[in-house]
Amino acid sequence: MNFLTVEKDYLQVLREWRRDFHKFPEPGWLEFRTSAILAENLEAWGYEVYVGKEIVHGDSMGVPDKVLADAFYKKAIESDISSKWLEKMEAGKTGVIAVLDTGIQGPTIAYRVDIDALPILESSEEKHVPQQLNFRSQNDGFMHACGHDSHATIGLGLAEQLMKVKDKLCGKIIIIFQPAEEGVRGGSAIVASPLLDKIDYLCALHIGTGIPKGTFVAGVDGFLATTKFDVTIKGVAAHSGINAEQGKNALLASAQAALALHSLPPHSEGVARVNVGTLEAGSGRNIIPSLAKMQLEIRGETTAINSFYEERVKQIFNGVAAMYDVEVQLEKVGYALNIPSDQQLAKILKETATHQSSIKEVIEYRDFKAGSEDATFLMQKVQKQGGLACYSIIGTNLAAGHHHEEFDIEEEDMLSALEIWVNVPFKLYEELKVNG
């Protein structure tokens, strides 16, 4: 295999894109500006481009409220981007899929990257590199604190580099810029798109996650399955000193539920997690609380374990509804599966990565019982249709951990990931020729 190298000067192009995405982060289902910039470039390079309403075919869970959605849409309109892309989007329908059909018989190879940011106020400390170099978030309260700005950049760079060698490609190349990965909402909403039918090979990737710089993990054996819930408990207010018995205490009901959730036993068949992340209730010290709101998540080493805890969650809230005579609204706002990478494709990615000069260690396959990922919906679809899917990790030195206000990556590692991915089609072509 003749390994294609990407010019080191191209890192400056990647930096500019990444820093622009970092400076203007957009939360899940509101990635209007990001999607439009991606689409504009992809169309200019000759890809078939599908945006927003054209790719979201399932239910969009956990869509932000209208006030926030309108604010981000307005920001996008005020940006120097073409309105034709914005017209194809709305809250809950964002993201981009780019297709290159060579017209020559061959496999369909897809790549998936995520593009959304987190609701975190980015650090303004002088030691924080984005602050030093003036690309700190301009959208207060939101930040790329998980590397999705670099993922979008890697996907965009891949698109440009593959188009430069279009005459050496065959089959189809599909690049998926997925919205709303945080909260695991976007994968299930786009997986039904017919654009994603009949994929032979799917590659997904994350930067960081504790993997050392210079290390490439070709495939992981599956993230934790997960379900995210928003809960609203409605009771009846009353004066706490005069007629407390007439009230129905939503705060106590929510507290009882929180304690019960965190008292759920471990599972004998694998890892499990339960966490109540937020709990808000009450309006004053002398009022029986009539409203409580809670955000919680469960995770399981397998989809079956996660489903077991889903049922326990429902039972707990049915119980507190009866105990406190309150109304409970339990809304599922995100979920993901546990799907292992295909070891056959991981081996191919490993062999490809060994040619990349900045990669010092390549791990073919690794246990990775940490976090959750909704790329698993796309992986499952590909595998069910007879294709191969693989989730990889590119190491980097992090300024702080994921979902931290000082999170930052070392940008040269984007170039390493890009160079590996650019060579994947050619390694696959070689394997297909060898294996008939």
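The values are calculated or read from the model by the stated rules, or taken from the named source; none is laboratory data. All values reported here derive from a predicted model rather than from experimental measurement. Cβ atoms come from the backbone with ideal geometry, glycine included; neighbour counts cover every protein chain shown. What goes into the accessible areas is simple: the full protein's heavy atoms, side chains included, and nothing from ligands, DNA or RNA. Shrake-Rupley method; radii C 1.70, N 1.55, O 1.52, S 1.80 Å.
Taking the chain as a Gaussian network, Cα atoms linked when under 10 Å apart, which of Leu296, Leu205, Leu30 shows the biggest mean-square fluctuation?
Residue with maximal mean-square fluctuation among Leu296, Leu205, Leu30: Leu296.
Computed from these coordinates, which is Rg/Rh (Cα atoms, Kirkwood Rh): (i) 1.01; (ii) 0.97; (iii) 1.10?
Here Rg/Rh (Cα atoms, Kirkwood Rh) agrees with entry (i).
Test of understanding: in a Gaussian network model of the chain with alpha carbons linked when under 10 Å, which of Lys75, Lys84, Lys166 would top the mean-square fluctuation ranking?
The residue with the greatest mean-square fluctuation here is Lys84.
Straight-line reach only, C-alpha to C-alpha below 17 angstrom: list the aspartates and glutamates that Lys8 could link to, leaving out same-chain residues fewer than 8 apart.
Straight-line reach from Lys8, under 17 Å: Glu16, Glu160, Glu410, Glu411, Glu412, Asp413, Glu419.
Treating cross-link reach as a plain straight distance, find the lysines whose alpha-carbon is under 16 Å from the alpha-carbon of Lys198, omitting any fewer than eight places away in the same chain.
Result set, ordered by chain and number: Lys172, Lys381, Lys384.
Would you mind calculating the relative contact order of the chain from Cα pairs under 8 angstrom and at least 6 residues apart, reporting the percent as a whole number?
22
How long are the three semi-axes of the equivalent ellipsoid for the range 42-143, computed from the Cα gyration tensor as the root of 5 times each eigenvalue, in whole Å, largest first?
Numbers: eigenvalues 180, 76, 42 Å².
Equivalent-ellipsoid dimensions as semi-axes: 30, 19, 14 Å.
Would you please state which residues of the range 338-377 a label at Thr102 would reach in this model, taking the label point 7 Å out along Cα→Cβ and a backbone N cut-off of under 14 Å?
none
So how much slack lies between Lys84 and Asp167, counting 0.36 nm per residue of separation and subtracting their Cα-Cα distance, in nm?
Full extension of this stretch gives 26.9 nm more.
When the accessible area of the range 316-436 is computed with all protein chains present and a 1.4 Å probe, what percentage of it is carbon and sulfur? Kindly include the intermediate steps, with their values, before the conclusion.
Details: 2350 of 5080 Å².
Answer for the range 316-436 is 46 percent, counting heavy atoms of protein chains only.
Calculate, in nm to one decimal, what Glu280 and Asp9 gain on full extension: separation in residues at 0.36 nm each, minus their alpha carbon distance. Mind showing how you got there, number by number?
Values: separation 271, 0.36 × 271 = 97.56 nm, distance 5.05 nm.
Taking 0.36 nm per residue and subtracting the Cα distance, the gain is 92.5 nm.
Nearest 0.05, what FRET efficiency do Asp367 and Asp65 give at R0 = 35 Å with Cβ-Cβ as r?
Calculated value: 0.35.
Nearest 0.05, what FRET efficiency do Glu40 and Ser357 give at R0 = 45 Å with Cβ-Cβ as r?
Calculated value: 0.90.
In square angstrom, what is the accessible area per residue of the range 353-401 with a 1.4 angstrom probe?
40
Any chance you could run the full-extension gain for Leu121 through His267? It's 0.36 nm times the residue separation minus the Cα-Cα distance, nm to one decimal.
49.0 nm
Once both axes come from the Cα atoms, what is the angle between helix 375-384 and the longest principal axis of the chain, in degrees from 0 to 90, rounded to 10?
For helix 375-384, the angle is close to 60 degrees.
Could you tell me the convex hull volume per residue, in Å³, taken over the Cα atoms of the range 72-221?
Cα convex hull per residue, to the nearest whole number: 174 Å³.
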